[in-house]
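These notes are about the structure you will find just below.
Derivation of every value follows stated rules applied to the coordinates shown; laboratory data play no part. The shown structure was predicted, so the numbers you read here are calculated from the model rather than taken from an experiment. With ideal geometry, Cβ positions are generated from the backbone for all residues, glycine too; neighbour counts draw on all protein chains shown.
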Amino acid sequence: MTRLVLLGPPGAGKGTQATRVADRLGVPAISTGDIFRANVAQGTELGKLAQRYMDSGEYVPDEVTNKMVADRLTQPDAGAGFLLDGYPRTEAQVHELDHMLAAAGAALTRVVELTADTEEVVARLLNRAKEQGRADDSEDVIRRRLEVYAEQTAPLVTLYTARGLLVQVDGMGSVDEVTQHLLAALDAS
Ligand code: B4P
């Protein structure tokens, strides 16, 4: 059974690769960013709350994010495995995910860290701003997202390495090349 986590800075290609890899592995890709954006688009209370944080490049509070993921993981399609894109992002989220999985008698199989140079990720996100106009892709907000990643999410690499779960994958190169690297790394690990 595949239970994967995809980590990486904003713009490393998590969302882009998550759906491709999940399709190949036959599991759902669960993106906390996408669920928040769907709630923003529908104008739900969760969306209104999340938007304040996302638009300024901050993380949505752990309690809110954890509850949303707990609800999503109890849906039937996640029972046969999943790929989590962008969750966990903080140590508190790691511990909450541990509890959720332990309660289901399950455990993560791999954590993939997708890496990419800062100049490259900034360029990708500025390009997306032109194409899609996402509110959190302005230069100031991108810088803040990178800081928040370095402060709150980068330490998870050490944590998952210590658990023997981490695989690092180079996120530079074309989308197809990165997908190949990712699938090869998962096959080999
Ligand atoms: P996310 O939606 O996860 O946004 P992201 O980090 O920018 O990654 P994304 O997956 O969208 O982009 P990708 O790198 O694939 O999070 C947004 C916000 O939601 C967070 O800042 C936070 O506020 C909130 N949030 C989400 N999860 C949370 C959590 N667990 N706890 C608290 N808050 C949370 O792609 C970026 C661009 O690069 C795209 O335009 C893509 O086309 C392009 N690209 C990708 N790969 C490429 C390649 N190889 N070459 C060229 N371009 C490429």
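Taking 15 Å as the cut-off, the amide N atoms of the range 161-175 that come nearer than this to a point 7 Å along the Cα-to-beta-carbon line of residue 128 belong to 171-172, 175. Think of it as helices only: each DSSP H run of n ≥ 4 in the chain is worth -39500 (n - 2.57), and spread over all residues that comes to -17000 deg cm²/dmol at 222 nm.
For the range 146-188, dividing the convex hull volume of the Cα atoms by the residue count gives 70 Å³ per residue. Sorted largest first, the spans of the alpha carbon positions of the range 3-188 along the three principal axes are 42, 39, 28 Å. Summing Cβ point charges (Lys, Arg +1; Asp, Glu -1) relative to the Cα centre of the chain gives a dipole of roughly 340 debye.
Here's how it looks for residue 8: its modeled amide H is under 5 Å from those of 114, which are all 5 or more places away or on a different chain.
The packing ranking, built from the mean of other Cβ atoms within 10 Å per residue, places the peptides 79-88, 121-130, 24-33 in the order 79-88, 24-33, 121-130, highest first.
Simple rule: put +1 on each Lys or Arg Cβ and -1 on each Asp or Glu Cβ in the range 3-188, find the dipole, and look at 141, 4, 102; the Cα lying farthest toward the positive end is 102.
Beyond 17 Å, what share of the Cα-Cα pairs of the range 54-158 is found? Please give it as a whole percent. It works out to 60 percent of all Cα pairs. Residue ranges 176-186, 1-11, 110-120, 39-49 sort as 1-11, 110-120, 176-186, 39-49 when ordered by packing (mean number of other C-beta atoms within 10 Å per residue, highest first).
For the range 15-86, the alpha carbon convex hull comes to 90 Å³ per residue, rounded to a whole number.
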